[in-house]
Amino acid sequence: MSQPLIVYGMHSPNVRKVVIMLEELELPFELRHVAVFKGEQFTPEFLALNPLAKVPVLLDPELEEPLAESGAILFWLAERTGKLLPAQGGARYRIMQWLMVQMAAIGPMLGQLNHFQLLGGSEPYASGRYAAQAKRLYRLLDDRLAQHEWIAGNSYSIADIAIYPWARYLEQHRFDPASHPALMRWRNGIDARPAITRANARMDADFTAKTNEARFNATPADLDRFFGRTETMPPADFSIVTR
């Protein structure tokens with residue numbers, strides 16, 4: 001029996017995309033929770049896995065060392081198995097293009113909107129800026145999917161897997177699903193995939209309760225470290241929202 005892969009993570013979109021990928025590939029894997037709200041990502045043991053102190057991190061017997069960054073993990077798993085990413089040609093690079101869009105724009109912009117809009121921040125300029133960026137990106141996705149069945153073309157790929165967990169924030173970000181029909185058609189199609197059902201169950205079973213417990217028990221100093229707040233930054237009333 002092959003040795004299972006190990007994913008270090010928490011309840012977050014970037015971890016979810018890795019779990020979805022592993023379920024789509026039907027690879028055996030284990031999940032290990034990292035209590036980021038309590039600072040476990042800054043321990044020497046975790047920093048030895050990823051000096052950037054971020055999840056997810058993948059341990060794979062076929063790799064010489066731990067692999068971090070969710071986009072790189074998707075790319076590796078696709079290359080490892082020969083699935084969900086063509087080996088060559090234009091289709092391969094369209095997929096890589098949209099994977100980079102997620103990593104460079106969709107994740108960072110929607111993540112910042114979570115911080116300032118969903119987490120109760122009091123900075124109207126920042127909230128407005130990231131809401132505008134989110135509006136543009138959701139429209140980009142809807143327009144793209146009005147012309148293509150899947151994000152990168154005619155086939156489900158790692159680009160869809162990367163973007164899907166972030167696209168689930170549409171309603172929480174206060175945008176109207178009816179105004180994004182192509183995006184909703186695509187999202188509903190992914191929701192119906194058996195691998196998504198399995199991935200959601202694994203995330204709930206292994207990460208949701210543990211992540212919530214860590215954030216509820218975090219001290220103000222823990223949260224300051226998690227958010228990178230310093231003495232020169234004004235405090236905010238963060239009521240953490242996870243999905």
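Since every read-out is calculated from the coordinates, none of them should be taken as a lab result. These numbers come from a predicted model, not from an experiment. Here Cβ is always computed from backbone atoms with ideal geometry, including for glycine, and neighbour counts include all displayed protein chains.
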Convert each backbone phi in the range 134-146 into a coupling constant with the Karplus relation 6.51 cos²θ - 1.76 cosθ + 1.60 (shift: θ = phi - 60°), then list the ³J(HN,Hα) values in order as whole Hz, x for Gly and Pro. 5, 4, 5, 6, 5, 5, 4, 5, 5, 5, 4, 6, 6
Roughly what would the spin-label model give for GLU30 and ARG136, points 7 Å off Cα along C-beta, in nm? 4.5
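Would you mind computing the Rg to Rh ratio of the range 45-117 from its alpha-carbon coordinates, Kirkwood style for Rh? List each step's numbers first, then the result.
On the way: Rg = 14.5 Å, Rh = 14.0 Å.
Ratio value, two decimals: 1.04.
Suppose R0 equals 51 Å. What FRET efficiency, 1/(1 + (r/R0)^6) with r the Cβ-Cβ distance, do ARG174 and ASN154 give to the nearest 0.05? Don't skip to the end; give the middle numbers.
Details: r = 32 Å, r/R0 = 0.63.
That pair, ARG174 with ASN154, gives E of 0.95.
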Tell me, how many Å apart are the Cα centres for the range 1-69 and for the range 123-198? 24
Taking LYS54 as the anchor, which aspartates and glutamates have their alpha carbon closer than 13 Å to its alpha carbon, excluding any fewer than eight residues away along the same chain? GLU40, GLU45, GLU69
Karplus ³J(HN,Hα) for the range 77-84 (6.51 cos²θ - 1.76 cosθ + 1.60, θ = phi - 60°; Hz, whole; x = Gly/Pro) runs 5, 5, 5, 4, 9, x, 10, 6
Under a crude label model (7 Å from the Cα following the beta-carbon direction), how far is ASN200 from ASP143 in nanometres? 3.0
With P(r) over Cα pairs in 10 Å bins from 0, in percent in mind, check [x] 7, 30, 37, 22, 5, 0; [y] 8, 35, 40, 17, 1; [z] 7, 29, 30, 20, 11, 3, 0 and report the label derived from this structure. [x]
Which ³J(HN,Hα) values in Hz, rounded to whole numbers, follow from the phi angles of the range 171-179 under the Karplus curve 6.51 cos²θ - 1.76 cosθ + 1.60, where θ = phi - 60° and Gly and Pro get x? 5, 4, 7, 6, 9, 7, x, 5, 8
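If I take every Cα pair under 8 Å that is 6 or more residues apart in the range 90-192, average their sequence separation and divide by the length, what percent do I get for the relative contact order? Could the numbers behind the result be given before it?
Working: 87 pairs, mean separation 34.2, N = 103.
Answer for the range 90-192 is 33 percent.
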Quick one: P(r) of the range 178-229 from all Cα-Cα pairs, 10 Å bins, percents rounded to integers, in order of increasing distance. 21, 26, 25, 26, 2
Could you please report the charge total around GLY39, scoring K, R as +1 and D, E as -1 over all other residues with beta-carbon less than 9 angstrom from its beta-carbon? 0
Using Cα pairs under 8 angstrom and six or more residues apart, how large is the relative contact order of the range 1-156, in percent? 17
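When DSSP beta bridges are limited to those with both residues in the chain, what percentage is antiparallel, rounded to the nearest 5? Provide the component values of the computation, followed by the final result.
Numbers: 6 of 11 bridges.
In the chain, approximately 55 percent of DSSP beta bridges are antiparallel ones.
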Give me the lysines in straight-line cross-link reach of LYS83: C-alpha distance below 20 Å, same-chain residues under 8 apart excluded. LYS17
Which residues in the range 1-37 have a backbone N closer than 20 Å to a point placed 7 Å from the Cα of PHE216 along the Cα-to-Cβ line? 10-12, 33-37
Here FRET efficiency (C-beta to C-beta, THR81 to TYR125, R₀ 41 Å, nearest 0.05) is 0.35
